[in-house]
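The values are calculated or read from the model by the stated rules, or taken from the named source; none is laboratory data. The model shown is predicted, which means the values in this text are computed figures rather than measured ones. No Cβ is skipped: glycine too gets one built from the backbone with ideal geometry, and neighbour counts run over all protein chains shown. Each accessible area value is taken on the protein alone, full model and side chains, heavy atoms only, with ligands, DNA and RNA left out. Shrake-Rupley method; radii C 1.70, N 1.55, O 1.52, S 1.80 Å.
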Amino acid sequence: VRGRLRVDMHNSIARDVVVPRLPEFLAQHPELEIELSCTNRRVDLVREGFDCVLRVGKLMDSSLVARKLGDYQLANCVSPAYLSQYGEPKSLDDLQHHQLIHYAPVLGAKPDGFEYLDAQGQQQFAPMSGRLTVNNADAYNGACLAGLGIIQAPRPGVRPYLESGELVEILPDFHAQPMPVSIVYANRRHLPKRVQVFMTWLAEIMKPRLGQTQNSRILFDHS
């Protein structure tokens, strides 16, 4: 396995999962070079020359191939300081008296509110006020730690804060829809060996963070 590999993924996954394990991977493949992109925007895989990208969330229809690895379970979190000021919501009706930290990949978009699944498993939103909107996961978690409101974040990313007591989980019966995690790559008849090897390794090290694992290969229709 040799050559240059260009990949893109979320900054927190690169920082917490991939980079700590890269030394052993590169030691196994000494003739491989990696260009690792960690951007907040959704890159154009083909136009920008990426071999594969790791995407979290719903995929848009495209001519790309997606291999779903599993799902991120989400947790509703607040800080102890927030609880001291506003109290703990016990029901969806209580949320009208609380603050939500809004997350919007593109600033200016109208926030949907507090997401939850109803009794039929359908996605619903409870409108909530919130004075802060962010477009970055680090700022999202940081704002919650600062007591600015409620967040609905992937459980692996907030687990250390929950274990330390810096954050507290609330409304455990009202979870947001799990976020799919997928490896996406171009629809090539002969995928280079270096890409195959990296994707197999990436899927393996992501397993402990995912709620369920599917090694399915999905070809989307061209839109």
Mind jotting down a quarter of the surface of the convex hull over the alpha carbons of the range 88-213, in square nanometres, one decimal? 10.3 nm²
Taking only C-alpha pairs under 8 Å that are 6+ residues apart, what is the relative contact order of the chain in percent? 34 percent
Coil-residue trypsin sites (Lys or Arg not before Pro) of the range 107-197, DSSP, other Cβ within 10 Å capped at 16: Arg131, Arg188, Arg189
To the nearest 20 debye, the chain has a Cα-centred charge dipole, built from +1 on Lys and Arg Cβ and -1 on Asp and Glu Cβ, of 960 debye
Placing one equal point scatterer on each C-alpha of the range 62-149 and summing with Debye, one gets log10 I(q)/I(0) at q = 0.14, 0.22, 0.23 Å⁻¹ equal to -0.60, -1.23, -1.29
For the range 1-72, just the Cα set please: Rg and Dmax, both in angstrom. 13.1, 37
Taking Cα atoms only, helix 19-28 is inclined relative to the longest principal axis of the chain by an angle, in degrees rounded to 10, of 20 degrees
Sticking with the crude label model, points 7 Å out along Cα→Cβ, report the distance from Arg47 to Gln124 in nm, one decimal please. 4.0 nm
Where only protein heavy atoms count, and the probe is 1.4 Å, what is the accessible area per residue for the range 102-223 in Å²? 57 Å²
Quick one: what do you get for the range 149-199 if you divide its Cα Rg by 2.2 N^0.38 Å? 1.83
Mind computing the radius of gyration and Dmax over the alpha-carbon atoms of the chain? Å is fine for both. 19.1, 58
Square roots of five times the C-alpha gyration tensor eigenvalues of the range 63-106, ordered largest first and given in whole Å, equal 33, 13, 11
Compute the angle between helix 193-206 and the longest alpha-carbon principal axis of the chain, please, reported from 0 to 90 degrees and rounded to the nearest 10. 30 degrees
For the chain, which whole-number percentage of the solvent-accessible area (1.4 Å probe, protein heavy atoms only) is attributable to carbon and sulfur atoms? 48 percent
